[in-house]
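The values are calculated or read from the model by the stated rules, or taken from the named source; none is laboratory data. Nothing here was measured: the structure is a model prediction, and the numbers come from that model. No Cβ is skipped: glycine too gets one built from the backbone with ideal geometry, and neighbour counts run over all protein chains shown. Keep in mind that these areas ignore ligands, DNA and RNA; they rest on the heavy atoms of the full protein, side chains included. Shrake-Rupley method; radii C 1.70, N 1.55, O 1.52, S 1.80 Å.
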Amino acid sequence: MKVRQGAVVVALGLALLGCGVQPTGVIDAGEPASGPTRGARLYFASDGGLRGVPLLDREIENLDTVMKLLSAGPSPSEQRDGLTSLVQDLGGYSVRGSGTRVTVRLEEPYAATGHDQGTGQLVCTLARAQSVLEPKVRADDVEVTLRPSEGAALGPFRCGEFLDG
């Protein structure tokens, strides 16, 4: 019985060797993929920086929808994972996007500096949403400008300015 099993193993081994597939060395395929992936995401703050949360069960119809979802904050399970929202109560706003440009007009002053995670949440979330709404636009090419009711405009910003890496 053991002789028969041994013969089967040897026969299988010879069949595999004779299949014509030759061993190769390591093939360099270049750098790994980088940059944002496709699909809608909300960005929330964490101790490690901004983290994108995919919107798997929601269809994005416009930028206002995304702003409402962002202002609702992370879900309880996302909060347990260390995510929080630093987006202040923006009060009234309007948001418009065209091509690689998104503008948020605020009806109140904007207290943040523009170089903070809360602003990064807005910029990255809107950039991602704009690329979903206009599929020919890449999220990392979108520039977001905040225009508060008082003071100078902030931006334009790109999401990459707020991501670690």
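Heavy-atom accessible area, probed at 1.4 angstrom with all protein chains present, ranks 85, 71, 77 as 71, 77, 85, highest first.
In region 63-113, taking the dipole from charged Cβ atoms about the Cα centre, the farthest positive-side position among 95, 73, 109 is held by 95.
Label-to-label distance, residue 116 versus residue 101, with points set 7 angstrom from Cα along the beta-carbon direction: 2.7 nm. For the pair residue 81 and residue 94 in one chain, pulling the backbone fully straight at 0.36 nm per residue adds 1.6 nm over the alpha carbon distance.
Accessible-area rank, largest first, for 80, 51, 96, 41: 80, 96, 51, 41, with all protein chains present and a 1.4 angstrom probe. Each residue was assigned an accessible area with a 1.4 Å probe, and for residue 81 the value is about 100 Å².
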